[in-house]
Amino acid sequence: MFELPPIPTWDGLHPLIVHFPIALLLVAPLFIVLALLVGRHSTLFMTSALVLMVLGTAASYVAVSTGEAAGKLADRTPEVNQVLQHHEQLAERTRLTFTVLTIVFAGLLAGPAVLKRPLARVPATVLTLLFLGVYGAGAIVLANTAHNGGRLVHELGVRSLMPPAPIPVASADLDD
């Protein structure tokens, strides 16, 4: 019989949630680069990048919240405390960085339409390249956040507390 695994509590969701902002926010700039390379459908790629950024930024809020809950339950040693504190600071910085980047990018996309003054190709390209440079700095903060989370798990052995899965009952046992 098909059964869904148990849904973890909020503090146990962090390992499941944390990969979404990482993936979404690191893929978004690829769509911006594609928009620069393909002139005809650039609006579609830029809009896709914005959607990925909005979803990734929203997921970063959930990841920070579940991470804070999970961090309260972690077994603590001085080394775990040090890495966990650094990871938490980086996570909050990542969340703030991508919140600002997402708002700025939305402004870059919507600004010309709202002002009814489309940017010429060269200034639009220069602004987009400058944005990608700043985004790259944000991606480094994100990568460092992920690295410190990985250190907690793989180097220091910090684990999420997940409820045990129920033991499946064989269908033959139900006939008795």
Counting only residues 5 or more apart in sequence or on a different chain, those whose built amide H sits under 5 Å from that of Arg159 are Asp75
Computed FRET value (nearest 0.05) for Leu132 with Leu156, which takes r as the C-beta separation and R₀ as 35 Å
0.55
Extension length gain for Leu119 and Val104 (0.36 nm per residue less Cα distance), in nm, is 3.8 nm
For segment 79-87, what does the Karplus curve 6.51 cos²θ - 1.76 cosθ + 1.60, with θ = phi - 60°, yield as ³J(HN,Hα) per residue in whole Hz, taken in order and with x for Gly and Pro?
5, 4, 4, 5, 5, 5, 4, 5, 4
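From the helices alone, meaning DSSP H stretches of at least four residues, give me the mean residue ellipticity at 222 nm for the chain, per-run term -39500 (n - 2.57), in deg cm²/dmol to the nearest 500.
Details: 6 runs with 127 residues, N = 176.
Taking each H run of at least 4 residues, the total per residue is -25000 deg cm²/dmol.
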I need the phi-derived Karplus couplings for segment 20-25: 6.51 cos²θ - 1.76 cosθ + 1.60, θ = phi - 60°, integer Hz, Gly and Pro marked x.
5, x, 4, 5, 5, 6
So if I place +1 on the C-beta of Lys and Arg and -1 on the C-beta of Asp and Glu, and nothing else carries charge, what would the dipole magnitude of segment 1-148 be about its Cα centre? I want it in debye, nearest 20.
860
Between Val33 and Thr9, what is 0.36 nm times their sequence separation minus the Cα-Cα distance? Round to one decimal in nm.
4.8 nm
Modelled FRET efficiency - R0 25 Å, Ala23 with Gln85, Cβ distances, 0.05 increments
0.50
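Values in this text are rule-based calculations from the coordinates and carry no lab data. The model shown is predicted, which means the values in this text are computed figures rather than measured ones. Neighbour counts are summed over all protein chains in view; Cβ atoms, including those assigned to glycine, are modelled from backbone coordinates with ideal geometry.
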